[in-house]
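**Q** Pasting a structure below so you can have a look.
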Amino acid sequence: MSQHLKYDVIYILNPNASVEEAAAVSAKVEQIVADSKGTVLKKDDWGKRRLAYLVQKHRDGHFVFYHLSIDTTTVAEITRNLRLLEHVIKFSVVKDTISHLKAKVKPVRVKTSTEGTPSRPGSVRPMSRSSEAPVNPSPAPTHAAPVAAPATTTTPTTTQA
């Protein structure tokens, strides 16, 4: 017997499908899982939603999501059946690779003062700017308005003889 892995199955039904037809598709998927001794971990009926693009000339679709614990042969059987059911307009089966992982919490980095020693052999530390004057991050504008020369009045000088 092969190992059961977790898979996410989502399929979109024709928006004109009746409630009974939608229940028949769900019953078919659940029957396949039960026959293979798998388990349905979660089932969500997302209802009728707008599609991002036309799928088989439909603008809307009825979404159904399953989270399953099944083996690989069951995945092939579910895929085959969803392909054959006429009310299913699109489907996807994806292996769940992240649900068992816990969120990794990174430790908080604490700055340590290592004034005289480099952090790694051969590494060069930048010079400290604490004793230097602050550096202006923006250079002076180069397109300053022209400054007019001070107005001087010239008076004609006449000499008397």
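**Q** Given the options A24, A76, A52, name the one that is more than 21 Å from I98 (Cβ to Cβ), within 29 Å of the chain's Cα centre (by Cα) and not in a strand (DSSP E or B).
**A** Exactly one of A24, A76, A52 is more than 21 Å from I98 (Cβ to Cβ), within 29 Å of the chain's Cα centre (by Cα) and not in a strand (DSSP E or B), namely A76.
**Q** Then there is this: In segment 38-60, which residue that is free of Cβ contacts under 8 Å to residues at least 12 places away in the same chain and farther than 18 Å from E86 by Cα is surrounded by the fewest Cβ atoms within 10 Å (Cβ to Cβ)?
**A** Y53
**Q** Can I ask one more? Out of segment 3-21, which residues are more than 23 Å from H58 (Cα to Cα) and assigned to a helix (DSSP H, G or I)?
**A** Selection gives nothing.
**Q** Among the residues that make up segment 65-72, is at least one of them touching a Pro at 6+ places or on another chain (Cβ under 7 Å) and either small (G, A, S) or under 17 Å from V88 (Cβ atoms) (or both)?
**A** Within segment 65-72, none of the residues are touching a Pro at 6+ places or on another chain (Cβ under 7 Å) and either small (G, A, S) or under 17 Å from V88 (Cβ atoms) (or both).
FYI, it's all coordinate maths here, none of it is from the lab. From a predicted model like this one, the values you see are computed outputs, not experimental measurements. All Cβ positions, even for glycine, are placed from backbone atoms using ideal geometry, and neighbour counts span all protein chains on display.
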